[in-house]
Structure formats: C-alpha cells, structure tokens
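Undergrad: Before we start, here is the structure in question, set down as structure tokens.
What follows draws every value from the coordinates through simple rules; no lab data is involved. As the structure is a prediction and not an experimental result, all values here were calculated from the model. Note that we place each Cβ from the backbone using ideal geometry, even for glycine, and neighbour counts take in every protein chain shown.
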Amino acid sequence: MKKHDVSLNGFLDQGCTVRGDVEFADLLRIHGHVIGKVTSEHELLVGEGGVVEGEVCVGRLIVAGTVSGTVRVTEGVVVHASGRVAAEVFTPSLVVDKGGVVDGTIHMSAAAPPPARS
C-alpha cells in the first residue's frame, strides 16, 4: 500500500457524534463517533476511541479504534493492535498488527470493488 501526500481535511474528536453521510477529499481522522456512511477516494484514520458504525467506502483505512458494518477499500486496510473491525470487508490488502481484531467476512482480490456511491 503506497503512501500519498495528503492533507488533513477534518478531525472528529472524542465526545463528538455525527449521524449521517460523511464525504471528504484527502484525510479524515475520527476519534469520536460516526453513525452512517463515510466516503472518500483517500485515507480514513479511525483513532483509538474512535467508532464508525455503518458503511465505509475509502481508498485506505487505518483502524486503531472500532469499525463495524461494511468496508469497501480500493488500496488496503491496516488494523493496529488496539483496532477492532467487525464487518464484511472488501479489500486487496489487509494488515493486522498483533492484538488487532478482525471479525467478519474478508473478500480479497487484486482489485477491490470501487467505493459504492449513493
């Protein structure tokens, strides 16, 4: 998974909850709670304490918090030691650090399906 030069588009801190669809251009860090669909062609970082419930359709996903629902990623998923993913995951690449948890169905192929658009 190659790293791109991206700039932070947004930061959702602990104590904040967003219900609904979230779209961003480059990098979004979530340390709060999102209930809904998160969409981007770039990177989503779910930090420790961060929770995403719903559908995630992004280029890259880094998880140190919790993600549940459906995950569609075009480049790859990284689950850190504190990360938990309870989802159906579509990705060409999956890295799980020791201690990280992935509970669900994993669909891996050379090219993951493009992010679903509504």
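Undergrad: How high is the relative contact order of the chain, in percent, with contacts defined as C-alpha pairs under 8 Å that are six or more residues apart?
TA: Relative contact order, the chain: 17 percent.
Undergrad: How many percent of all Cα-Cα pairs in the chain sit more than 20 Å apart?
TA: Here the long-distance tail beyond 20 Å is 31 percent of all Cα pairs in the chain.
Undergrad: Further question on the same structure: Mind listing the phi-derived Karplus ³J(HN,Hα) values for region 75-80, rounded to whole Hz, using 6.51, -1.76 and 1.60 with θ = phi - 60°, and x for any glycine or proline?
TA: With coefficients 6.51, -1.76 and 1.60, one gets 10, x, 10, 10, 10, 6 Hz.
Undergrad: Please work out the FRET efficiency for the pair Thr17 and Asp103, using the Cβ-Cβ distance as r and a Förster radius of 25 Å; give the result to the nearest 0.05.
TA: 0.60
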